[in-house]
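First the structure, in the form of structure tokens, and then the observations on it.
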């Protein structure tokens, strides 16, 4: 654009020199006027193009800033997502561990309850029906304890089933 502007200025200087020289020649004067009008037309077109280029550059810079801002927003949101995914994974792990501990504790509680009922049954000597009922309840509690993962309960289940038969 600078080269074109420079060329227009040089052309204007040359036209001005030719006008000074051509004041004597009538035919050259009209040709110079046409050249001068054409030069002015081209100059206005170039000015319009320069404004358009300037406007596009401005729009381009605005878009680049907006894109840059959106990129930084996306990056920060991705970081937040990664942190939350890590938190979720930690909470899932904690929940799994807690559930496993809860299952083990529950199995132990059922096992201990069954043991207590078994002792009650052993101490019941003169009421055979109550003794059998206590053993059945103990058997059910041992089975629940076994289903929750307490493998020791299997021996007790086998022994009580043998006694009840």
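Please treat every number below as a calculation from the coordinates, not as lab data. Everything quoted here is computed from the prediction, not taken from an experiment. Here the Cβ is made from the backbone with ideal geometry for all residues, glycine too, and neighbour counts use every protein chain on show.
Assorted remarks:
- Taking every DSSP helix (H) stretch of at least 4 residues in the chain, weighting each as -39,500 (n - 2.57) and dividing the sum by the residue count yields a mean residue ellipticity at 222 nm of -33500 deg cm²/dmol.
- Two-decimal Rg to Rh for segment 70-116 - Kirkwood Rh, Cα set: 1.49
- Segment 2-164, relative contact order [Cα under 8 Å, separation at least 6], %: 14 percent
- Here the calculated FRET efficiency for residue 81 and residue 13, from their Cβ-Cβ distance with R0 = 45 Å, stands at 0.10, rounded to the nearest 0.05.
- Over segment 117-165, volume per residue of the alpha carbon convex hull, in Å³: 59 Å³
- Cα Rg over Rh - the chain, Kirkwood: 1.95
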